[in-house]
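Trainee: Provided herewith is a single structure, encoded as structure tokens, for subsequent inquiry.
The values are calculated or read from the model by the stated rules, or taken from the named source; none is laboratory data. Please read these numbers as outputs of a predicted model, since none were measured by experiment. Backbone-built Cβ (ideal geometry, glycine too); neighbour counts: all protein chains shown. Please note that ligands, DNA and RNA were not included when accessible areas were found on the heavy atoms of the full protein model with its side chains. Shrake-Rupley method; radii C 1.70, N 1.55, O 1.52, S 1.80 Å.
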Amino acid sequence: MIFSKGALTKIKVQNLSKGTGSNSKSTTQSLSTLAHDFTNFKQSNNSNKNNNKNKNTTIATLVQSRNIVGISHAIDKRVYKWAQSVMPPISKTEQIALGSGTIGFDRDIFSGSPSLQHLIKTYQPKISPEEQAFLDEKVSHLCELLNDHDVSMQKDFTKEAWDYMRNERFFGMKIPKEWGGLGFSTHAVSQVLAKLATQCFDANATVAVPNSLGPGELLARYGTDEQKQYFLPRLADGTLIPCFGLTGPHSGSDATSLIGSDCVVEMRDGELGVCASFKKRYITLAPIAGVVGLGLNLKDPHGLLGDKGSEGFTVALLERDHPGLRMGKRHMPLNAAFMNGTVEGEDVWIPMSMILGGQERCGFGWNMFVECLAEGRGVSLPAGSIGAARGVASAVGAYARVRKQFRVPIAEFGGIQEALASAGSDGLITIAGGDLMNAIVDNHEAPMVISSVMKQNCTERGRRIVEKGMDIAAGSAICRGNNNYIGNAYMSLPIAITVEGANIMTRSFQIIGQGLTRCHPHMLDLITSLQAPKSAEKEAVDKFVKQFHKIVGHGLTNFAQSLTRGIGSTFSTKMRSKKAYRDGDKLLEYHEKQLLRLSANFALTADLCFTLGGSLKFEELLMGRLADALGAIYLGYATLHHYHRRRGIDGLEALTEHAMLRLEKEAQDALYAASNNFPGVLGPVASTVMKMGCFPLGNMTRPYKEPSDTLTKEVSKLMTTPSEIRGFFQEGIYMTPPGSDAVHQVSDLIRAVPICVEADQIASRIRKEKRQPTTEEAEKIAKADALRDVLVQVDVFEHLTTEEAMDGYVRPALLGTEERLAHLERKRFVEQGHGQAA
């Protein structure tokens, strides 16, 4: 029983008053019972208090927990709102770009732990027997038809050359066989373009365009059945030569902005179409193209598209005689001869059937462009640099052995050796990067970031290679004519550097701008959460917090890996023998560890970029340095991938070592510069964290140096004497057939090397032995001297212009001389016929 305190007192009083007289016993019993009940009450009351206390504690805990959760969620929401404020909204175009193309090995680098074994197992560049036969026969014959000097002077190919390119499907290499094309692999197309570049850069550019942005490949992927049936066979057999009109006067490197290239959806005479006005420039092949793929910014103010298609970047297909279309005017890019010009039109009516892919593909141009751009940027443009690398290494390397100064081949001069070794290792890097990129694309991937790295890095290295070649060949490189095998390449590489986004823009904005957003393991999901609508804010906050924690964890992991790998790589570098590279297995093992260390350093730095928020896009100096580091790391892995595939070539270890040392130094220097100049309010903190992770022991943990002079001399010697390295560089370059009477400076230089080397060895031996040469020895020395005399000659011309060739023509400066002499009494220092001073 349970009683209240008042009730208990009342019972006591009543029972006591009843307890006198005969009822005392009963009263005692009542009191006993009451005491028992009171004891029960106390026990029950204490128990109840304990239960209430426990309940109150639980309730308090729950309330406290809810308060903490609420506070935590409020904090998360505030951080989320702050992040939204510093992260600018992503435009529809940017969203499409982020969703286009693919990611792969570039993401692995951003993770901090890429795998060389994955590259080796996954990507193998291959050439089929059919493709190799085309290279050996068709491409070689086209090269025979092309005189590079004549092409540059005439600013066009002969009709025979044009017809041959058409008949042999040079413009349809990527078009599937079912439509009459060759259906070649990306690697085969790259090899064709590189070989053409060794003979004529203008041919390289001319064949490259139809086999990248086309629009043949766009048609094969996205065209309607009717469009495919009409255009693809005509593109494959060269009836129609294509071009792609994208860049305008105000677009610059932002080609997809489409400023001044607008079209509006209209209905005319019951037919749906667009009315377009556009002004395009820098369009390769436009002056002779039969069809142009035209990039337009489509608007649909009246909603005529309905639910089929949308506004935005749209591609139209216009044939050359389309009403209102103007094509034919030419630009003159430096001294290049390839066709390049304008595409213009005002109020041009374009039926919906001429939109690439039909109405359903209106607004889909960005997706088309980005997915196909990987091949143009990552394959076609680097192929020109690959051709330049092979040509310079083969021909200039030979020239350095043939050419003598002070009775010594210039190949023995230290300055020449330094330039040659640099060109050689840059050449290997470019070739290796191209091989890997080709295999990636042939694996049905379209990596936008890697393609940008390839375009920027390889065209820049190609320019440096040719500049080194120009420095070595000197006077013979600047005098134009049939004997000049490098001058036109020297003038063409800067053009490639500006194509599809100038390298400055690609390096300082595009590579890391795209890479950090697309390739970071957690960045894209975090950005997506920040773009969520208000109605989905709760879920977006949760997603944001989750990704933020992952980013922090990713940064801590990369910090730890940077620290441990940095110390380990420093120790292994200090202890490494200078000749360790001669063991191929040790070469691979050592450099893979260095690349893993640098990848962790790069990934940590990428994580620290989050301290900048949306202002990162304005920190182009930082992004440029990170692009340098990313490029060096990717190309380092490509070089090791190449060595693994091609090992067995005598001398490849030395060349690979030279290339890897330079790449590691490039990455290290770029990261160190970034750590010294990290921008933003939190820049000092980020800089400190970066230095602690990347360079924990200061200068001691920056162990990478330029190649030693001994290694440089070894590489140079491999490039200037008969060796398997010379054979490696000569793969895929055009040479005239043995015994041919045709004059071809590159072929003649290459074939002269063993003759000149043998003659120099004989001359050295007889000097040491202090004797006269034998008859046979004298003949070999004389043959080499005769070759040298021919091969160092440069072209001279009676006249350089049509006007100079006219009868009676006198150069203006000479006319002036005659006029001035006419007023002088003494006409010359020595009178003719007298033999003495006047």
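Trainee: Step through the residues of the stretch 795-810 one at a time and calculate ³J(HN,Hα) from phi using the Karplus curve (6.51 cos²θ - 1.76 cosθ + 1.60, θ = phi - 60°), rounding each to whole Hz and writing x for Gly and Pro.
Mentor: With the stated coefficients, the stretch 795-810 comes to 6, 10, 10, 5, 8, 10, 10, 4, 5, 4, 7, 6, 4, x, 6, 10 Hz.
Trainee: Give me, ordered by chain and number, the residues 5 or more places off G358 or on other chains with an amide H under 5 Å from its own placed amide H.
Mentor: Under 5 Å from the amide H of G358: T224.
Trainee: What do the square roots of 5 times the Cα gyration tensor eigenvalues come to for the stretch 477-590, in whole Å, largest first, as semi-axes of the equivalent ellipsoid?
Mentor: Each semi-axis is √(5λ); the values are 43, 32, 9 Å.
Trainee: Here's a follow-up. Given the pairs K81/K691; K195/K455; K593/K705; K174/K308, which are separated by over 20 angstrom at their Cα positions?
Mentor: Listed pairs above 20 Å: K81/K691; K174/K308.
Trainee: Then there is this: Please determine, in degrees from 0 to 90 and to the nearest 10, the orientation of helix 537-575 with respect to the longest principal axis defined by the Cα atoms of the chain, where the helix direction is its Cα long axis.
Mentor: It is inclined by approximately 50 degrees.
Trainee: Using θ = phi - 60° and the Karplus curve 6.51 cos²θ - 1.76 cosθ + 1.60, what whole-Hz ³J(HN,Hα) does each residue of the stretch 150-161 get, with Gly and Pro shown as x?
Mentor: Couplings: 4, 4, 5, 7, 7, 6, 5, 8, 6, 4, 4, 5 Hz.
Trainee: Here's another thing I want to ask about it. 7 Å from Cα along Cα→Cβ at both A822 and A536: what's the point-to-point distance in nm?
Mentor: 8.8 nm
Trainee: Taking the mean number of other Cβ atoms within 10 Å as a proxy for protection, how do you rank 311-318, 108-115 from highest to lowest?
Mentor: Packing proxy ranking, top to bottom: 311-318, 108-115.
Trainee: Next question, about the same structure. Can you tell me the Rg and Dmax of the stretch 725-794, counting just the alpha carbons, in angstroms?
Mentor: My reading of the Cα-based Rg and Dmax gives 14.5, 44 Å.
Trainee: Once R0 is set to 25 Å, what does the formula 1/(1 + (r/R0)^6) return for the Cβ-Cβ distance between V794 and L814, expressed as a FRET efficiency to the nearest 0.05?
Mentor: E between V794 and L814, to the nearest 0.05, is 0.60.
Trainee: Tell me, what is the Rg over Rh of the chain, with Rh the Kirkwood radius over Cα pairs?
Mentor: That ratio equals 1.22.
Trainee: Farthest toward the dipole's positive end in the chain, which of Q772, P703, L146, given Cβ charges of +1 (Lys, Arg) and -1 (Asp, Glu) about the Cα centre?
Mentor: My answer, from the dipole projection, is P703.
Trainee: Would you work out which of L119, F313, A289 lies farthest towards the positive end of the dipole of the chain, given +1 charges on the beta-carbon of Lys and Arg and -1 on that of Asp and Glu, about the Cα centre?
Mentor: Of the options given, the answer is L119.
Trainee: Another question about this same structure. In nm, to one decimal, how far is the modelled label at S310 from the one at S764, with both set 7 Å along Cα→Cβ?
Mentor: Distance between the two pseudo-spin positions: 7.0 nm.
Trainee: Now for a separate question. Dipole of the stretch 680-721, Cα-centred, from +1 at each Lys and Arg C-beta and -1 at each Asp and Glu C-beta, to the nearest 20 debye?
Mentor: 60 debye
Trainee: For labels at E589 and Q772 in the simple 7 Å Cα→Cβ model, what's the distance in nm?
Mentor: 5.9 nm
Trainee: Here's a follow-up. Sticking to Cα atoms, compute the Rg of the stretch 651-719 to one decimal and its Dmax as the biggest Cα-Cα distance, whole number, in Å.
Mentor: So, for the stretch 651-719, Rg and Dmax equal 16.1, 52 Å respectively.
Trainee: Still on this model: With 25 Å as the limit, write out which pairs from K665/K713; K404/K768; K579/K713; K579/K768 have Cα-Cα distances beyond it, or answer none.
Mentor: In this structure, K579/K768 exceed 25 Å between Cα atoms.
Trainee: Once phi is turned into θ = phi - 60°, what whole-Hz ³J(HN,Hα) does the Karplus curve with 6.51, -1.76 and 1.60 give for every residue of the stretch 300-311, x standing for Gly and Pro?
Mentor: 9, x, 9, x, 6, 5, x, 9, 10, x, 8, 6
Trainee: Please name whichever of A805, T817, V794 sits farthest to the positive end of the charge dipole of the stretch 789-835, dipole taken about the Cα centre and charges placed at Cβ: Lys and Arg +1, Asp and Glu -1.
Mentor: With unit charges placed on the Cβ atoms, the residue in question is T817.
Trainee: Another one. Please tell me the relative contact order of the chain in percent, rounded to the nearest whole number, where contacts are Cα pairs under 8 Å and at least six residues apart.
Mentor: In percent, rounded to a whole number, it is 14.
Trainee: Given Cα pairs under 8 Å that are at least 6 residues apart, what percent is the relative contact order of the stretch 310-359?
Mentor: 41 percent
Trainee: What percent does the relative contact order of the stretch 357-436 come to when contacts are Cα pairs within less than 8 Å and at least six residues apart?
Mentor: RCO, the stretch 357-436: 36 percent.
Trainee: How would R646, R820 line up by accessible area, probe 1.4 Å, largest first?
Mentor: R820, R646
Trainee: Oh, and also: Would you grab the residues whose amide H sits under 5 Å from the one on N340? Only those 5+ places off in sequence or on another chain, please, with H modelled 1.01 Å from N.
Mentor: L285, H331
Trainee: Determine the share of the chain's accessible area contributed by carbon and sulfur atoms, expressed in whole percent, with a 1.4 angstrom probe.
Mentor: About 54 percent, which is the carbon plus sulfur part of the accessible surface.
Trainee: Something else about it: Whole number in Å², please: accessible area per residue of the chain, 1.4 Å probe, ligands, DNA and RNA not counted.
Mentor: It amounts to 47 Å² per residue over the chain.
Trainee: Quote the accessible area belonging to T710 in square angstrom, nearest 10, computed with a 1.4 Å probe and with ligands, DNA and RNA left uncounted.
Mentor: Answer for T710: close to 110 Å² accessible.
Trainee: Next up: Take the Cβ-Cβ distance between K546 and N443 as r, set R0 to 30 Å, and report the resulting FRET efficiency rounded to the nearest 0.05.
Mentor: Once rounded, the FRET efficiency stands at 0.40.
Trainee: Now for a separate question. For every helix of n ≥ 4 consecutive DSSP H residues, a contribution of -39,500 (n - 2.57) applies; sum these over the chain, divide by its total residues, and give [θ] at 222 nm rounded to the nearest 500 deg cm²/dmol.
Mentor: -18500 deg cm²/dmol
Trainee: How much solvent-accessible surface does K279 expose, in Å² to the nearest 10, with a 1.4 Å probe and all protein chains in place?
Mentor: The value for K279 is about 110 Å².
Trainee: Related question: Relative to the present Cα-Cα distance, how much length would full extension add between T710 and R320 at 0.36 nm per residue of separation?
Mentor: 134.5 nm
Trainee: Quick one: grab Rg to one decimal and Dmax as a whole number for the stretch 704-757, Cα atoms only, in Å.
Mentor: Expressed in Å, the Cα Rg and Dmax of the stretch 704-757 come to 14.3, 50.
Trainee: I would also like to ask the following. Treating the beta-carbon of each Lys and Arg as +1 and of each Asp and Glu as -1, no other charges, what is the dipole magnitude of the stretch 306-460 about its Cα centre, to the nearest 20 debye?
Mentor: For the stretch 306-460, the charge dipole is close to 980 debye.
Trainee: Whenever you get a sec, line up W82, W162 from highest to lowest accessible area (probe 1.4 Å, protein heavy atoms).
Mentor: W82, W162
Trainee: Here's another thing I want to ask about it. Given a 1.4 Å probe and heavy atoms of the protein chains only, how would you sort S569, S85, largest accessible area at the top?
Mentor: So the residues, ranked largest to smallest area, are S85, S569.
Trainee: Calculate, in nm to one decimal, what E160 and S85 gain on full extension: separation in residues at 0.36 nm each, minus their alpha carbon distance.
Mentor: So the extension gain works out to 20.7 nm.
Trainee: Which entries of K126/K578; K138/K177; K574/K617 show an alpha-carbon separation above 27 angstrom in the structure shown?
Mentor: K126/K578; K574/K617
Trainee: Right, another one. Can you give the FRET efficiency for N167 and Q832, using 1/(1 + (r/R0)^6), R0 = 56 Å, r = Cβ-Cβ distance, to the nearest 0.05?
Mentor: Given R0 = 56 Å and the Cβ-Cβ separation, E is 0.35.
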